[in-house]
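These notes concern the structure reproduced below.
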Amino acid sequence: MVSTMPIDVEAVVRLHREMVVRWHQRGEVDVPYEGIEGVICRQFTYNYLLWHEEDVARSPDVGDARIAAVKRAIDGYNQKRNDWMERIDDRITEELERQGVVADPDASQNTETPGSVIDRMSILALRIYHLEEEAGRSDATPEHLESVQAKLAICLEQLDDLARSLGELLEDIFAGRKRHKTYRHLKMYNDPELNPYLYRAKKRRAG
């Protein structure tokens, strides 16, 4: 039985590109996909929200109270970004089991999972969108525009590299040549049982 990959890499690139434009135009995020693409799209929403909260955090005219709220939002979005990255990898595991794909005894394991690569691709989609915005500025100096175009060329090349590498990794995984395993990030800062400041503060309030 020939296994089939559940992820179309070219479709992922289009999804990231189309969604970043759509969300900027709408001013809000949504997930108009189902299945594995729905999971990928949901993961992208948190990178999108994270990106724009970080823009606020770097603004010099934002007050301390707003910065504190932004920091909490950043922590929350980063947690969800990692949670949904893991869900992408979990869906791949489920599909491997469904298709009965078993890794070869001597199969190697990649240092980066498909979910992690897709996460990096989504960040590049955001960076490319904003660099293209900068490249279209009518008030920018020629030096600025030249610098932006150089950065944009690098990002586009990196996206091509990641997309190609993701396709090769998925082919190897579904052919049994590579082992697949969800990499658990186990973030501690949002966990009230693992973050010392949080559980000590809880004890102080209780006492």
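What to note about this one:
- Among the residues of region 134-154, the ones that are surrounded by 11 or more Cβ atoms within 10 Å (Cβ to Cβ), of a type outside the set (A, V, I, L, M) and under 19 Å from L124 (Cβ atoms) come to 4 in all.
- Scanning region 53-93 for residues being touching an Asp or Glu at 6+ places or on another chain (Cβ under 6 Å) and at pLDDT 75 or above gives a total of 3.
- Of all residues in region 169-205 being modelled with pLDDT of 95 or more and assigned to a helix (DSSP H, G or I), the one that is surrounded by the fewest Cβ atoms within 10 Å (Cβ to Cβ): E171
- Residues located in region 128-168, provided they are among the small types (G, A, S) and part of a helix (DSSP H, G or I): A135, S147, A150, A153, A163, S165, G167
The values are calculated or read from the model by the stated rules, or taken from the named source; none is laboratory data. Everything numeric here is computed off the predicted structure, so don't read it as measured data. Note that each Cβ is placed from the backbone with ideal geometry, even for glycine, and that neighbours are counted across all protein chains shown.
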